[in-house]
Amino acid sequence: MEIFGTVLLFITILLFTILIFQVFRALWNPEARRVRRELQGTAATASKNAPMVIRRKKELSGIPWLNRMLSNVRAPIIRWFDQLLQQSNTHQPLGVYVLCSLVLALAGSLIAGWLGNNFKIGLPAGALAAMLPFFFLTLKRNRRMRKFEEQLPDALNLIARALKAGQAFPTGLQMVAQEFDDPIGSEFEKMLAQINLGVGFPEALKGLTERVSCPDIKFFAISVIIQRQSGGSLAEILENISRLIRERFKLRGHIQALSAEGRISAVILVALPFCLFGLMSLINPEYSRILLTDPRGVKLALGALVMMGMGILVMRKMIRIKV
């Protein structure tokens, strides 16, 4: 066991050193970061008569062997992770988060195994620690998408007013890119960059819907595509979409107010066992240590965590109402 722990510690330190090198390499190369940000999301297909593909070379890691390994993996999980990085507007490549996940997994296994004096406990602890970087990216993506959704009605009204004033549709998009900050300003700027490179409006709008996880932007894209094919008042359509989004915001706020009691109860029920265990660890450490040292205690603790996880999913399903 001591040899196994020493090997894990050596691998953890090695991966941590590589991770620090990659982070400093990205920080000390601002020009490359600026170019990647400007070229991000410019892969598309254009022109009916002469199909032209505009693609950026995607680098999943600054380490050659890790970049080749991640590029050769054709699993859908890699594409999902790459899309997660784009939607969270993270400029670090996927390889940095993979290395960070491995470092946290090994460190979590070592720390949990050392505290519990049993490396079997370290396996689930390492698995949970490995999910932390992607959990952070998911939170960042969700926060960014919520802000995009909040900015969308004002952006649609701005485009509608520009159209009523006699401006062209690309001019309205450019006004949104200039007047709004991230995320809607940067995403519309990327779409304008694609259009300026020769990509058609349908392809550019499709790329926007792929980069942004927001159902309302799909309504916007479909409305623009249909209007350009069949005609009609695009300004009136955009105003109707904006009004519909605002009304849904009001309904969502009403539902959140009604479900506030259930959400607070769920938080209390989830936090109560952990707070009680921490209090018992301070009052009587020997009494609570059995859950970490005795095999039967470990099984009971794991069973309780599994049942709590199932309860959290059920409560989350009950209090989350999609509008």
Task: Under the Debye formula (equal points on every Cα, no solvent term), log10 I(q)/I(0) of the stretch 261-323 at q = 0.19, 0.22 Å⁻¹ - done: -0.79, -0.93
TODO: Name the shape class, rounded, prolate or oblate, that the alpha-carbon gyration tensor gives for the stretch 140-196, where a ≥ b ≥ c are the square roots of its eigenvalues, rounded holds for a/c under 1.5, and otherwise prolate holds if a/b is larger than b/c and oblate otherwise.
DONE: oblate
Task: Relative packing of 79-86, 162-169, 281-288, 104-111, which averages over residues the other C-beta atoms within 10 Å, highest first - done: 104-111, 79-86, 162-169, 281-288
Task: Share of carbon and sulfur in the accessible heavy-atom surface of the stretch 130-254 [1.4 Å probe, %] - done: 56
Open item on the list: Explain nothing, just the number: relative contact order of the stretch 161-310, from Cα pairs under 8 Å at least 6 residues apart, as a whole percent.
Closed with: 11
TODO: For Gly200, enumerate residues with amide H under 5 Å from its amide H, sequence gap 5+ or separate chain, H modeled in the peptide plane.
DONE: Ser47
Task: Phi-based couplings in Hz for the stretch 82-93 (Karplus 6.51, -1.76, 1.60; Gly and Pro marked x) - done: 5, 5, 4, 5, 5, 6, 8, 6, 9, 8, 6, x
TODO: Starting from 0 in steps of 10 Å, tell me what percent of the Cα-Cα pairs of the stretch 199-313 lands in each bin.
DONE: 11, 22, 17, 14, 16, 12, 6, 1
Task: 1.4 Å probe accessible area per residue over the stretch 88-223, in Å² - done: 46
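The values are calculated or read from the model by the stated rules, or taken from the named source; none is laboratory data. Keep in mind that this is a model prediction, so the values were computed, not measured. Note: ideal-geometry Cβ built from the backbone for every residue, glycine included; neighbour counts use all protein chains shown. These accessible areas exclude ligands, DNA and RNA; they are computed on the full protein's heavy atoms, side chains included. Shrake-Rupley method; radii C 1.70, N 1.55, O 1.52, S 1.80 Å.
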